[in-house]
Amino acid sequence: MKSVSISAAKRVDLGKKEAKLSRAAGNVPCVMYGGKTNQHFTVKENALNNLVYTPKVYSVAIDIEGTTINALIKDIQFHPVTDRILHIDFIELVPGQEVNTFIPVVFEGSSIGVRNGGKLRTTLRKLSVRATPENLPDNVTLDISEMTIGEKVYVRDIEASNFDILTAGSAVIVSVKTARGVVDEDEEEGADAPAADAPAAE
C-alpha cells in the first residue's frame, strides 16, 4: 500500500478546551491506537486534505516530534455544517499484525452491456479487508469489459491474494441494468446474418 508522510505535534492537555483552541489554530486533534500506548497529537488541517478528501487509501507515516509511526486512518469526525475535520483516530501498523481497513474498487474497461445501451450501476466502491501491513493492497481491480446486460459481479467473485475480504460475499459490487433502447447482445452480433428460415434470394 502506498504511503504518505505527515508531521505532528504531541498533545499535552487532552480536554475539550484544549481541543477547541487547537482547532481554532488550524490543527486537528488525533489519537493513535494499536501500539503499546495510545498516542495523542495534532496535525495541521491542510496537511490532511490529500489524505482525507480522496477515494484512494494510503498508509500514513506520522512523524510525532522525531518519532515516526506507520498507521491507517480508523475513523474521522467531520463538522456537521462546515464539513471540516474535527478529529481523527488512527490505528498503528505493526509488522505481521493483521489490521482491518477499507480499500477502493477500481473498474477497468467498457462493458459490452453498456455499449449496447445498458446502464452500469455501481453498488460498492470500497471493500472491507483484513491483512498484515505488508500485504495490504492499494485497491481491488475489476475488469468489467465482458459484462453483459443483466450481469452482476458479487464480492465472492473477487480473487483475494494474501488478504481476506470481510464484506459479505453475497453483496453486489457492480451490475449492468436494462435501459430503454437496449440492443440485445445476441441480436447485435447476428444483425447482418440472414434468418435460418428465410427464403433464398432469386
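Read-outs: derived from the displayed coordinates by stated rules, not from any lab. Everything numeric in this text was worked out from a predicted model, so none of it was measured. Here the Cβ positions follow ideal geometry from the backbone for every residue, glycine too, while neighbour counts run over all protein chains shown.
Quick notes on this structure:
- Taking the DSSP beta bridges with both ends in segment 1-145, the antiparallel portion is around 65 percent.
- Of the residues D143, D89, D63, the one that moves most in a GNM of the chain with alpha-carbon contacts below 10 Å is D143.
- Net charge, F90 excluded, C-beta distance under 12 Å - Lys, Arg +1, Asp, Glu -1: -2
- Sparse-neighbour loop sites [chymotrypsin sites (Phe, Trp or Tyr not before Pro); segment 1-84; at most 12 other C-beta within 10 Å; DSSP]: Y53
- Eligible lysines near K126 by straight Cα distance, threshold 25 Å, same-chain separation 8 or greater: K2, K56, K74, K152, K177
- Once the trypsin sites (Lys or Arg not before Pro) in DSSP loops with at most 15 neighbouring Cβ atoms within 10 Å are cut out of the chain, the longest remaining piece is 126-179.
- Residue-averaged 222 nm ellipticity for the chain, from DSSP H runs of 4+ at -39500 (n - 2.57), nearest 500: -2500 deg cm²/dmol
- In segment 3-94, taking the dipole from charged Cβ atoms about the Cα centre, the farthest positive-side position among Q39, A25, F90 is held by A25.
- Other-chain or far-sequence residues with amide H under 5 Å of A171's (modelled H): V155, R156
- Net lengthening on full extension, T123/E98 (0.36 nm per residue, minus Cα-Cα): 6.3 nm
- Distant-in-sequence amide H partners of L142 (H built 1.01 Å from N, under 5 Å): V106, F107, E108
- Vicinal HN-Hα couplings computed from phi for segment 4-19 (Karplus, 6.51 cos²θ - 1.76 cosθ + 1.60; Hz; Gly/Pro x): 10, 10, 9, 9, 9, 10, 5, 9, 8, 9, 10, x, 5, 5, 5, 5
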